[in-house]
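Visitor: Sharing a structure here in structure tokens format.
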Amino acid sequence: MSPSSSSLPDRAIVWDDHHLQLLDQRRLPGRVDYLTLHDARQVAQAISDMVVRGAPAIGITAAYGVVLAAALRFAANPQSWKSAISEDLNLLAAARPTAVNLQWALERMQTLMQSLPADNNPQASLLQEAQRIHAKDVADNHTMGELGAALFEQKSAVITHCNAGALATGGYGTALGVIRSAFAQDRITQVYADETRPWLQGSRLTAWELLQDDIPVQLLADGAAAARMAAGGIGWVIVGSDRIAANGDVANKIGTYGLALAARYHAVRFMVVAPTSTIDMHLSSGEQIPIEQRDAGELLRCGESTIAAQGAGAWNPVFDVTPAGLVDVLVTEKGIIHAPNSEKMRELMG
Ligand code: MRU
């Protein structure tokens, strides 16, 4: 992976002729650097290492990873690229376990691959499919932005968690898409962003993104959100998701469940914004969602410095599951569900 500097980006995932460029989100907001990736192994590594993160962005990146893999496999042996590529697909699928958008995108690419003639260079067709997935995600985010903004009955402050913005998607964002649309319509008094330990997606990424769009933001220590709700004026908690089960249970960044509990107690409404590529109808409830556990060192350190007492261990699941009963509204590109449950989810998904 080779780094290069650039001016402020409008996209975190860029295809440049024969390579994939990813904005290195680990370096934001201090540095705006792109990494150039050449093969599926580098793409899988970039996803595991959090160069790119956020469920839809991971799916889109994996789709471009398949394009890179197919080009290399075809060049190495045009007769056997279809069987050889399964190693790359397995590598990509294993990069992160919770965001179902990764599997969803790989399945789309695989379906197309099966229909392609075995001895023709597959790169152009696969690239078109990856770009379709990318463009559709951006369009869906704009649709969800409008649907979510229309739910504001009065102007109010909102709290968001992690980063569910342009950086986490093809562009515009899910939760931040709603916040962008609602802010443009003058329906938001103030955006509060949880800092989101340990990767600080809130203070590094969400704050950076909102400020790029001149949307003022105040940060909250993760533990401060309930007190901020108690102080009044918060109309909505708005979050994204990594996987939604068939009964409407929602996996999202660790801390989301606590926010939902606090929101219910304080009569603050809780909105989940996610494209249907995040819905996993194969899992009947959130208990079945695989929750990624990451290295304890992520909690014991902050950047380069050790911050925990020597000898302390750490439990570091990076997602949690919010029961559907705590979700007031689920916004998807196909429409809105109030108080999601299995029946309404089945109806939405057809
Ligand atoms: O660990 P991350 O940064 O990949 O976690 C991301 C989140 O939890 C987002 O809220 C989720 O993927 C939705 S992004 C539109």
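Values quoted throughout were computed directly from the atomic coordinates according to the rules given, and no laboratory measurement underlies them. Keep in mind that what you see is a predicted model, and the values were worked out from it rather than measured. Note: ideal-geometry Cβ built from the backbone for every residue, glycine included; neighbour counts use all protein chains shown.
Visitor: Rounded to whole Å and sorted largest first, list the principal axis extents of the Cα atoms in the range 142-349.
Guide: 51, 40, 34
Visitor: Which whole-number percent is the relative contact order of the chain (Cα, under 8 Å, 6+ apart)?
Guide: The value is 15 percent.
Visitor: I want the local charge near Gln42. Using Cβ-Cβ distances under 12 Å, sum +1 for each Lys or Arg and -1 for each Asp or Glu among the other residues.
Guide: Residues close to Gln42 contribute a combined charge of -2.
Visitor: May I ask for the distance between the Cα centers of the range 99-151 and the range 300-350, given as a whole number of Å?
Guide: Answer, in whole Å: 23.
Visitor: Per-residue ellipticity at 222 nm for the chain, helices alone: DSSP H runs ≥ 4 residues times -39500 (n - 2.57), over residue total, nearest 500 deg cm²/dmol? Don't jump to the answer; show the numbers that get you there.
Guide: Details: 12 runs with 129 residues, N = 350.
Value at 222 nm, helices only: -11000 deg cm²/dmol.
Visitor: Across the range 13-139, what fraction of all alpha-carbon pairs, as a whole percent, falls in each successive 5 Å bin from zero upward?
Guide: 2, 12, 24, 25, 21, 11, 5, 2, 1, 0
Visitor: When the chain is fully extended, how far beyond the present Cα-Cα distance does Arg41 get from Ala139, taking 0.36 nm per residue of separation?
Guide: 32.4 nm
Visitor: Let me ask something additional. Which residue, Gly223, Ala175, Gly303, has the largest displacement toward the positive end of the dipole of the range 142-349 when charges sit on each Cβ (Lys, Arg +1; Asp, Glu -1)?
Guide: Value: Gly223.
Visitor: If I model a spin label at Asp17 and Ala124 as a point 7 Å from the Cα along the Cα→Cβ vector, what separation in nanometres do I get?
Guide: The modelled label-to-label distance comes out at 1.7 nm.
Visitor: Take the alpha carbon atoms of the range 229-259, find their center, do the same for the range 154-176, and report the distance between the two centers in whole angstrom.
Guide: Computed from Cα coordinates, the inter-centre distance equals 12 Å.
Visitor: Right, another one. Would you please classify the overall shape of the chain from the alpha carbon gyration tensor, given that a ≥ b ≥ c denote the square roots of the eigenvalues, rounded means a/c under 1.5, and beyond that prolate means a/b larger than b/c while oblate covers the rest?
Guide: The shape class here is prolate.
Visitor: A further question follows. Summing +1 for each Lys or Arg and -1 for each Asp or Glu, what net charge is found among the other residues whose Cβ lies under 12 Å from the Cβ of Ile179?
Guide: Net charge around Ile179: 0.
Visitor: The range 35-84 to the range 181-196: how many Å between their Cα centroids?
Guide: So the two Cα centres are separated by 35 Å.
Visitor: Quick one: net charge of Arg31's neighbours, Cβ under 13 Å, K/R +1, D/E -1?
Guide: +1
Visitor: Give me the number: length gained by fully extending Ala267 to Ile291, i.e. 0.36 nm times residue separation minus the C-alpha to C-alpha distance, one decimal in nm.
Guide: Working it through step by step, the gained length comes to 5.8 nm.
Visitor: Length gain on complete extension for the stretch Gln218 to Ala309, per 0.36 nm per residue less the alpha carbon to alpha carbon distance?
Guide: 29.8 nm
Visitor: A further question follows. Can you give the relative contact order of the range 201-324 as a percent, counting alpha carbon pairs under 8 Å and 6+ residues apart?
Guide: Reported relative contact order: 28 percent.
Visitor: Next question. Only four residue types carry charge here, +1 at the Cβ of Lys and Arg and -1 at the Cβ of Asp and Glu. Report the dipole size of the chain about the Cα centre in Debye, rounded to the nearest 20.
Guide: That gives a dipole near 280 debye.
Visitor: Something else now. Separation between the Thr111 and Arg346 pseudo-spin-labels, each 7 Å from Cα along Cα→Cβ, expressed in nm?
Guide: Modelled inter-label distance: 2.2 nm.
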